[in-house]
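Written below as structure tokens is the structure these notes are about.
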Ligand code: ZN
């Protein structure tokens with residue numbers, strides 16, 4: 001199965017994609033995985049990928065150039081799951097042409113819908129261990145001792161990404177960019 005998985009921050013795409021990937025034995029492809037794979041190579045594109053990761057800004061051109069190179073090198077026999085990728089209708093169009101050249105067009109686009117209040121609670125409550133990366137939620141899954149990581153004993157903090165204002169901006173930006181992308185996939189009846 002060749003899947004595109006979309007959904008707002010906090011909708012659980014990470015966990016869901018890992019489960020689907022483990023069940024069907026298909027690779028998970030994200031912007032991050034594409035960038036890391038490229039950055040490991042001593043090429044000009046690798047250098048650009050590293051720069052893009054450091055600045056957290058990835059241009060459409062760079063991402064698509066890397067996908068053109070990487071997708072044909074991957075074993076897509078069992079399908080794949082693209083997570084949060086493509087990011088916009090323009091990317092989707094180019095991705096479609098790259099994949100159809102490989103005989104591996106997208107079959108289904110899954111868009112996770114989560115109530116906005118619930119998303120806010122999940123995201124605002126999120127705290128992360130600086131030391132080992134363990135994640136907690138203040139409301140539904142707090143550490144046993146307040147402010148201390150269960151796994152390693154280090155201090156757990158809220159990342160700047162998880163402040164309420166940042167989150168509501170992220171959700172707004174996400175919704176604005178999603179409209180045309182969802183429409184794109186609706187036109188071909190792939191959207192679920
Ligand atoms: Zn920890």
> Just 133, 12, 125 to compare: in a GNM of the chain, with alpha carbon springs under 10 Å, which one fluctuates most?
Replying inline: 133
> How big is the equivalent ellipsoid of segment 137-178 along its three axes, where each semi-axis is √(5λ) from the Cα gyration tensor, reported in whole Å from largest to smallest?
Replying inline: 29, 10, 8
> FRET efficiency for residue 22 and residue 114, Cβ-Cβ distance as r, R0 = 30 Å, nearest 0.05?
Replying inline: 0.85
> Taking springs between alpha-carbon atoms closer than 10 angstrom, which of 39, 151, 15 fluctuates most in the Gaussian network model of the chain?
Replying inline: 151
> How would you rank 188, 128, going from fewest to most other Cβ atoms within 10 Å of each one's own Cβ?
Replying inline: 188, 128
> For segment 26-85, what ratio Rg/Rh do Cα atoms give with a Kirkwood hydrodynamic radius?
Replying inline: 0.96
> Convex hull over the Cα atoms of segment 78-182, averaged projected area in nm²?
Replying inline: 9.0 nm²
> For the chain, what is the mean residue ellipticity at 222 nm derived from helices alone (per DSSP H run of n ≥ 4: -39500 (n - 2.57); sum divided by total residues; nearest 500 deg cm²/dmol)?
Replying inline: -15000 deg cm²/dmol
> Over the chain, what is the mean sequence separation of C-alpha contacts under 8 Å (at least six apart), divided by residue count, expressed as relative contact order in percent?
Replying inline: 27 percent
> How compact and how long is the chain, expressed as Rg and Dmax of its alpha-carbon atoms in Å?
Replying inline: 18.0, 54
>> Out of all DSSP beta bridges in the chain, what portion is antiparallel? Express it as a percent rounded to 5.
In response: 40 percent
> Between segment 77-104 and segment 109-169, what's the alpha-carbon centroid distance in Å?
Replying inline: 31 Å
>> As a footprinting exposure proxy, order 59, 11, 168 by other Cβ within 10 Å, with the fewest listed first.
In response: 59, 168, 11
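Values quoted throughout were computed directly from the atomic coordinates according to the rules given, and no laboratory measurement underlies them. No experiment lies behind these values; they were computed from the predicted model shown. Cβ sites come from the backbone with ideal geometry, for glycine too, and all protein chains shown count toward neighbours.
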